[in-house]
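Asker: A single structure is presented below for examination.
The values are calculated or read from the model by the stated rules, or taken from the named source; none is laboratory data. Keep in mind it's a predicted model, so treat the numbers as computed, not measured. Heads up, the Cβs are rebuilt from the backbone with ideal geometry, glycines too, and the neighbour counts pull from every protein chain shown. Just the protein is used for accessible areas: all its heavy atoms, side chains included, with ligands, DNA and RNA removed. Shrake-Rupley method; radii C 1.70, N 1.55, O 1.52, S 1.80 Å.
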Amino acid sequence: MPSEADYRLPRTVVPSHYELALTPDLARATFGGHVVIDVEVLEPGSEVVLTPAELTLHSCVLSNDGGRRIEATTETDEDAERTTLSLASTLDPGPWKLEISFDGILNDDLRGFYRSIYTDPDGNEKTIATTQFEATDARRAFPCWDEPDLKATFGVTLVVDDGLTTISNGAEIGRDPAGDGKVAVRFADTMKMSTYLVAFIVGEFDVTDAVDVDGIPLRIVFPPGKGHLTDFALDVAAHSLRYYADYYDIPYPGGKMDKIAIPDFAMGAMENLGAVTYRETALLVDVHKATQNEMMRVAEVIAHEIAHMWFGDLVTMKWWNGIWLNEAFATFASMKCIDAYRPDWKVWLTFSGDRVHSMETDAISATRPIEFPVASPEEANAMFDSLTYEKGASILRMLEQYLGEEAFRLGVSNYLRDNAYGNTDGEDLWSALERASGEPVMEIMDTWIFQGGFPRLKVEGEPGAYTLTQEQFRYLGDGDQRWKLPVLLRSSEGGRRLLLSDASATIDAGDDLVVNAGGDGFYRVAYSPELRTGIRSRLPSLTGEERYATVSDAWADVLKGGADAADYLTLVGELGGESEVDVWQRILGGLGELDRVASPDVRPALQEFVRDLVSAKADEMGWTPAEVEDDRSRKLRGVLLAALGNLGDDPVTQRRARLVHEEARSGEGTVDAEVADAALSIVAANGDIDDFERFLAISGESETPQEVVKYLRAAAMVPGRAGSEKLFQMVLDGDIRRQDSFWVIAIMLGHRENGPRVWELIKENWDDLFDQIPPTTGRRILDLLPNRSEPETAKDIEAWLADHPIKGGERYADQQIELMKVRVGLREREATRLRDALA
């Protein structure tokens, strides 16, 4: 097994400043470069080791103020992505300059310095060059010490064709003729930061006028013709900059803020200081046509990336094992920021779904600790998963609610002040939170960060003497781990906190006890039968988060095999009047899983159950919003209509949905965005090859990023072999953008009808398929793998992946296979047993 030491650079020579000049050739997809790096030699030596990758180095010279000039020869270890500069004489300790000329390629892998192509409003193809360096791909753009703790300042000059838009981290400070129709664009030096945060973007873009946000110029940079999609992003970004400066009590550390919409982008966005890059769907949006999910997606991603300007950019982890804290905190902070921006959206209730998503992975033996040793670049990239983002953010939210919001905020602010421009470990934050709160934060967090999994809290007893017992919750088998568990409780006798360090504790509370009060705990709750009856009778008096947790805990017990599906149906059958859309989504999520495993003769009865459950609320809301109606009510209408038409297989709803869809496409009348979205999903799920072809055509012609994606997704959801085979071939032929290839395959693989055939296509075209998917997202074709719960198909998938590992995705494959086995077990238990439950 490789160790961290195998990939860490020696600390005998360290950089302090890079003066970088690049000349990209967009037509040839190449670039030339020259860099002068100020370094400090800490120990005498005749070697310098750094990390260029996929670069050709032409000359390497070291010089100092004493007049010494030493030329170096180079030797590259391509597997380790290291180059050793060998010198004919010894370097004396002190300051030196390292000067390197080099060439590279603008690759198509959506990492490093890469190219992207878009079509302008006149139908002309345009090429841009852009960057994505996290985790370890700055080395593909310029020779550097590409490790997060080797921070430096960066001066960037881009030599480009005159007329092209050029963006980097700093503000533009100079633009001089460079001959042959080119200009040299110089940018202000950055603050001291890590290499993975450097960015440069070149191409034909339009730029909004700058908005002054308390002295910080804010702009949106976008492909031509999309300026009408930028207003919402400007508003959210301005709010976020002000919110975080106040929350952290530290001014924004950059000199300007540009947000750039990139046509091809592997991730959602990237927190480059002052030059944040985004998928178009995460930045540009038509507020008049967007659903609440689409609006919230844009708002949350913008807030997430701006949170990083302090937590990640100003203060950075020492090594990639600590990347979870960067991403977890930005996820947590973005929820707080958007909750302040739009309290009516109830983002913490919506976040319940993200928490549960991470609990899925964390309830299996193949989970991992939030923090674990990282050695290779592939292992660093594999850290970007639901445990890093969603579990990490959930743990921080649970801790914040236990410590108190102001104590937590004060600890974070002190941590950032004490470590500005430096690198830290998680212990530095825990220490700051301990000082601010007086609580044993280090002891608590060690049990959550360095071991995987989570507990279930069993609640037994009676008023005045309840016993709480923690046990590890797993879907398959048992575990014996224990946590220092922060528990919030509520009853008629008041609220209280409890830090459960032992296996069990006895508490005094009233007869209306609620464990996990507020619903923010990262644990499940199992009440005794008598107490469970009481909780369920009081569901209307619980908060939305608490009702969500109650339904989620019940469904998790069904997946584990601790309860029959009949118990779940009894619970949700009483919730037809539920008013919170997120609780409905959790209810329908469990019913959807039962639908996937139900035998053909049982499905009609389950569909009837869904129709009976949903119809009253759906009829009450109708197909048309009230004149004054909040976003969440509009979203609920869409969710209920989609449930009736798809999960309920209601023919009346299906016919109406097709008419509504045609009306929405025609532009006649005004169809609410949520209703239009529901109608599209119903038409797609019950569509044919003609619908498939029409969806593809609409996706290709659409002018808004969200519409491009939703119609491509609709095409992937149409049942039928012909459509799925054509779409699969389009991925192989490169007719689907590389940024979208993984999720298109994932949706088709998870499809009830098309999935088994798509799995055969994946096997037949394994190598060619992965040639069309960026290396950082290859593993995510398995996102919906647990849907393949047919026993023989599941066995075949497990055997194939054992022999054909996905580079960097081995752990994720193990996790998805185990979750698939959980669903195989659900099918074996409930496929026919549901008949009696539904009867």
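Asker: For a quick check: with amide H placed at 1.01 Å from N, whose amide H comes under 5 Å from Arg456's, ignoring anything fewer than 5 positions away on the same chain?
Answerer: Close amide H contacts, sequence-distant or interchain: Glu471, Gln472, Phe473, Arg524.
Asker: Relative to the longest principal axis of the C-alpha atoms of the chain, give the angle of the C-alpha long axis of helix 755-764, reported between 0 and 90° and rounded to the nearest 10°.
Answerer: Value to nearest ten degrees: 30.
Asker: Moving to a separate point now. Positive end of the charge dipole of the range 709-804 (Lys, Arg +1 and Asp, Glu -1 on Cβ, about the Cα centre): tell me which of Leu761, Gln739, Ala799 has its Cα farthest that way.
Answerer: Gln739
Asker: So, one more: For the range 234-301, what is Rg from Cα atoms divided by 2.2 N^0.38 Å, rounded to two decimals? The partial results should precede the final answer.
Answerer: Values: Rg = 12.8 Å, N = 68, 2.2 N^0.38 = 10.9 Å.
In units of the 2.2 N^0.38 Å rule of thumb, it is 1.17.
Asker: Placing +1 at every Lys and Arg Cβ and -1 at every Asp and Glu Cβ, with all other atoms neutral, what dipole size does the range 397-506 have around its Cα centre, in debye to the nearest 20?
Answerer: Here the size comes out at about 300 debye.
Asker: Right, another one. Once you have a ≥ b ≥ c as the square roots of the Cα gyration tensor eigenvalues for the range 504-547, tell me rounded if a/c is under 1.5, and otherwise prolate or oblate according to whether a/b is larger than b/c.
Answerer: Verdict is oblate for the range 504-547.
Asker: State the percentage of accessible surface on the range 27-78 attributable to carbon and sulfur atoms; use a 1.4 Å probe and exclude ligands, DNA and RNA.
Answerer: Numbers: 1200 of 2910 Å².
About 41 percent, which is the carbon plus sulfur part of the accessible surface.
Asker: Can I ask one more? Taking the structure as given and computing mean projected area of the Cα convex hull in nm², which label from (i) 35.2; (ii) 40.2; (iii) 45.9 fits?
Answerer: This structure yields the entry labelled (i).
Asker: Over what distance in Å are the Cα centres of the range 640-668 and the range 797-826 separated?
Answerer: When both Cα centres are located, 36 Å separates them.
Asker: Also, quick follow-up: Assign unit charges at the C-beta atoms only (+1 for Lys and Arg, -1 for Asp and Glu), then state the dipole size of the chain relative to its Cα centre in Debye, rounded to the nearest 20. Present the calculation step by step, with values, prior to reporting the outcome.
Answerer: Details: 85 positive and 145 negative charges, 185 e Å.
Here the chain has a charge dipole of around 880 debye.
Asker: Let me ask something else about it. Students often get this wrong, so check it: of Lys289/Lys346; Lys226/Lys635; Lys560/Lys807; Lys458/Lys617, which have C-alpha atoms separated by over 32 Å?
Answerer: On the way: Lys289/Lys346 21 Å; Lys226/Lys635 26 Å; Lys560/Lys807 30 Å; Lys458/Lys617 34 Å.
Beyond 32 Å: Lys458/Lys617.
Asker: Post the alpha-carbon centroid distance, the range 476-538 to the range 143-177, in whole angstrom.
Answerer: About 54 Å separates the Cα centre of the range 476-538 from the one of the range 143-177.
Asker: Nearest 10 degrees, 0 to 90: what angle lies between the long axis of helix 292-308 and the longest principal axis of the chain (Cα atoms)?
Answerer: 40 degrees
Asker: Name the residue farthest towards the positive end of the dipole of the chain from the options Ala307, Thr331, Ile364, assuming +1 on Cβ of Lys and Arg, -1 on Cβ of Asp and Glu, about the Cα centre.
Answerer: Projecting each Cα onto the dipole axis, the largest value belongs to Ile364.
Asker: Looking at the square roots a ≥ b ≥ c of the eigenvalues of the Cα gyration tensor of the range 1-109, which shape do they give, rounded for a/c under 1.5, prolate if a/b is larger than b/c, or oblate?
Answerer: Oblate, since a/c reaches 1.5 and b/c is not below a/b.
Asker: Any idea what diffusion coefficient the range 284-323 gets from Stokes-Einstein, in µm²/s, Kirkwood Rh on alpha carbon pairs, 4 °C, 1.567 mPa s?
Answerer: Answer from the Stokes-Einstein relation: 109 µm²/s.
Asker: Further question on the same structure: What whole-number value in Å² describes the accessible area per residue of the range 506-584 for a 1.4 Å probe?
Answerer: 33 Å²
Asker: To the nearest 500 deg cm²/dmol, what mean residue ellipticity at 222 nm is calculated for the chain from DSSP H runs of n ≥ 4 alone, each contributing -39,500 (n - 2.57), summed and divided by the residues?
Answerer: Details: 26 runs with 340 residues, N = 839.
Counting only the DSSP helices, I get -13000 deg cm²/dmol.
Asker: With θ set to phi - 60° and the Karplus curve 6.51 cos²θ - 1.76 cosθ + 1.60, what are the ³J(HN,Hα) couplings of the range 641-658 in order, to the nearest whole Hz, using x for Gly and Pro?
Answerer: 5, 4, 5, 4, x, 9, 5, x, 6, 7, x, 5, 5, 5, 5, 5, 4, 5
Asker: Further question: Based on the alpha-carbon gyration tensor of the range 402-465 and its eigenvalue square roots a ≥ b ≥ c, which shape applies: rounded if a/c is under 1.5, prolate if not and a/b is larger than b/c, or oblate?
Answerer: It is oblate, given that a/c is not under 1.5 and a/b is not larger than b/c.
Asker: Which angle from 0 to 90°, rounded to the nearest 10, does the C-alpha axis of helix 323-341 make with the longest principal axis of the chain?
Answerer: 60 degrees
Asker: Quick check for me: using +1 on Lys/Arg Cβ and -1 on Asp/Glu Cβ, what's the dipole size of the range 89-192 about its Cα centre, in debye to the nearest 20?
Answerer: Charge dipole, the range 89-192, about its Cα centre: 240 debye, nearest 20.
Asker: Whole-Hz Karplus ³J(HN,Hα) for the range 692-707, in order, using 6.51 cos²θ - 1.76 cosθ + 1.60 and θ = phi - 60°, x for Gly and Pro?
Answerer: Per-residue couplings from phi come out as 4, 5, 5, 4, 4, 5, 5, 4, x, 9, 5, 9, 9, x, 5, 5 Hz.
Asker: Moving on. Which Cα, out of Ile260, His661, Gly723, lies furthest along the positive dipole direction of the chain (beta carbon charges, K/R +1, D/E -1)?
Answerer: His661
Asker: On to the next question. Using a 1.4 Å probe, what is the accessible area per residue for the range 704-839, in Å²?
Answerer: 40 Å²
Asker: Computing the accessible area with a 1.4 Å probe over protein heavy atoms, can you report the carbon and sulfur percentage for the range 397-555?
Answerer: Carbon with sulfur: 43 percent of the solvent-accessible area.
Asker: Within 10 Å, count the other beta carbons around each residue, average over each peptide in 508-514, 740-746, and list them highest first.
Answerer: Result, highest mean first: 740-746, 508-514.
Asker: Now, a different point. Out of the total accessible area of the range 275-328 (probe 1.4 Å, heavy atoms of protein only), what percent is carbon and sulfur?
Answerer: 49 percent
Asker: Where only protein heavy atoms count, and the probe is 1.4 Å, what is the accessible area per residue for the range 328-462 in Å²?
Answerer: Numbers: 4050 Å² over 135 residues.
It amounts to 30 Å² per residue over the range 328-462.
Asker: Which whole-Hz ³J(HN,Hα) couplings does the range 177-183 yield from phi under the Karplus relation 6.51 cos²θ - 1.76 cosθ + 1.60, θ = phi - 60°, glycine and proline marked x?
Answerer: Karplus values, whole Hz, x for Gly and Pro: x, 10, x, 6, x, 10, 10.
Asker: Please tell me the relative contact order of the chain in percent, rounded to the nearest whole number, where contacts are Cα pairs under 8 Å and at least six residues apart.
Answerer: Numbers: 1638 pairs, mean separation 69.0, N = 839.
Worked out over the chain, it gives 8 percent.
Asker: Let me ask you something else. Given points 7 Å out from each Cα along the Cα-Cβ axis, report the Asp418 to Thr624 separation in nanometres with one decimal.
Answerer: Placing both labels 7 Å beyond Cα along the Cβ direction yields 6.1 nm.
Asker: Could you list which residues have their amide H under 5 Å from that of Phe200, counting only those 5 or more apart in sequence or on another chain, with H placed in the peptide plane?
Answerer: Under 5 Å from the amide H of Phe200: Thr131.
Asker: So how far apart, in nm, are the two label points at Glu663 and Met442 if each is 7 Å from Cα heading toward Cβ?
Answerer: Each label point is offset 7 Å from its Cα along the Cβ direction, giving 6.4 nm.
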